[in-house]
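Step one of this worksheet: look at the structure below.
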Amino acid sequence: MIKKIATLFLSLSLMYACTPNGENGPDVTDNFDRKAMLTHIADNIIIPSYDNFAIDMETLVTAGVTFSNNPTEVTLEDLRSTWLEAYKSWQYVEMFNIGRAEELQYSFFMNVFPLTVTDVEENIADGTYDLNSVNNQDAQGFPALDYLLFGVGTTTEEVLGKYTTVENSENYKKYLIDVLNQMNRLTKDVVAEFKSNKSTFVNNDQNTATSTVNKLVNDYIFYYEKGLRRNKIGLPAGIFSANPLPDRVEAYYNKEVSKTLALEALTAVQDLFEGNPSTSTTQVSFKAYLVALQRQDLVTAIENQFASARTQINTLNPNFISQIATDNSQMLRAYDELQKAVILLKVDMLQAFNISVDFVDSDGD
């Protein structure tokens, strides 16, 4: 019944968006400088986010090599902390599924969860594997590091034992380094390609199905709906299943940072919408575009809904597994608050921009 009501609500919203009252109005002409917006997004959001993540990846690789050469409690804790910093900065680049990132399926190699532990352990036991294979996408990236640093033992001593005393400890160290190097290699490739082709990204400013703005806006909404709302909150909370699935939380083995990552992802979403006010005084953004189209009302609604979602997520236990076990209704409320913004973005904002959805929603919600 809930899903039927949600479907009816979405249908009514779509009908509203197609009526004169849901349009920008007959006197509004779209003269917005899309190229200026793309230039701002490239120079002040995408490239700085890529650069920051690339630096964090280099630091993570260095910490991994140090740990592999000398597995101690100190080097393990350092590796764990650099993993978290890199994981947080990853939240600011995952939504940019454009150019080389799209060609490589970058995000699939970096952050597919839940991890398939049997694949990881089989790779380690065998000692040979192809991390470029799509069959290993769920056996690498940040989730694999989460398992290798937190999940191979129940205590720090047990984790260290996998890299020091067990028979195939060298294989564990090799797999750890191979995963790190794969992540670093892909990141360098994606960052270099985007920078070298920035002019193509910026100059393709028409309003067509394949233009940069249309693809970027669709990727943005897709990430918000699937990457943030669905994967980080909805799936583990049981929105799409008969029961909650706590093993689907991000950073499952660490157990303490799923909330942190969700909040970082929401900040990244807000930064792109608003033009990342912290980096520039001229935020030529989705928000500015809507204002130019005389849709300040929609800007206010979106920003208020982002704030409501953040408020609800902040009430959650840092350990989503514990939150689901003790009071899953709070997770469901967080999902609901995120869902409310989907309508505003996917229906109202797209209609204002005169952009069509280019992906299929198969959630059934």
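The values are calculated or read from the model by the stated rules, or taken from the named source; none is laboratory data. Not measured: the values here are computed from a predicted model. With ideal geometry, Cβ positions are generated from the backbone for all residues, glycine too; neighbour counts draw on all protein chains shown.
Which is crowded, with 22+ Cβ neighbours inside 10 Å and either without any contact (Cβ under 8 Å) to a residue 12 or more places away in the chain or not aromatic (Phe, Trp, Tyr) (or both), of 250, 303? Full working, then the answer.
Values: 303 fails: crowded, with 22+ Cβ neighbours inside 10 Å.
Answer to the check: 250.
Of the conditions (1) crowded, with 16+ Cβ neighbours inside 10 Å; (2) within 27 Å of residue 264 (Cα to Cα); (3) of a type in the set (A, V, I, L, M, F, W, C), residue 108 satisfies every one except a single condition; which number is it?
(1)
Name the single residue that is surrounded by the fewest Cβ atoms within 10 Å (Cβ to Cβ) among those in the stretch 75-88 being closer than 12 Å to residue 142 by Cα and not basic (Lys, Arg). It would help to see each step written out before you state the result.
Let us first name the residues in the stretch 75-88 that are closer than 12 Å to residue 142 by Cα, namely 80, 82-88.
Those still in the list that are not basic (Lys, Arg) too: 82-87.
Details: 82: 21, 83: 25, 84: 21, 85: 16, 86: 25, 87: 26.
Only one residue fits best here, namely 85.
Filter the stretch 319-361 down to the residues that are under 18 Å from the mean Cα position of the chain (by Cα) and outside any helix (DSSP H, G or I), then identify the one that is modelled with the highest pLDDT.
359
Going by the conditions given, is residue 243 at pLDDT 95 or above and in a helix (DSSP H, G or I)? Walk me through it before giving the result.
On the way: at pLDDT 95 or above: yes; in a helix (DSSP H, G or I): no.
Spelling it out, it is not the case that residue 243 is at pLDDT 95 or above and in a helix (DSSP H, G or I).
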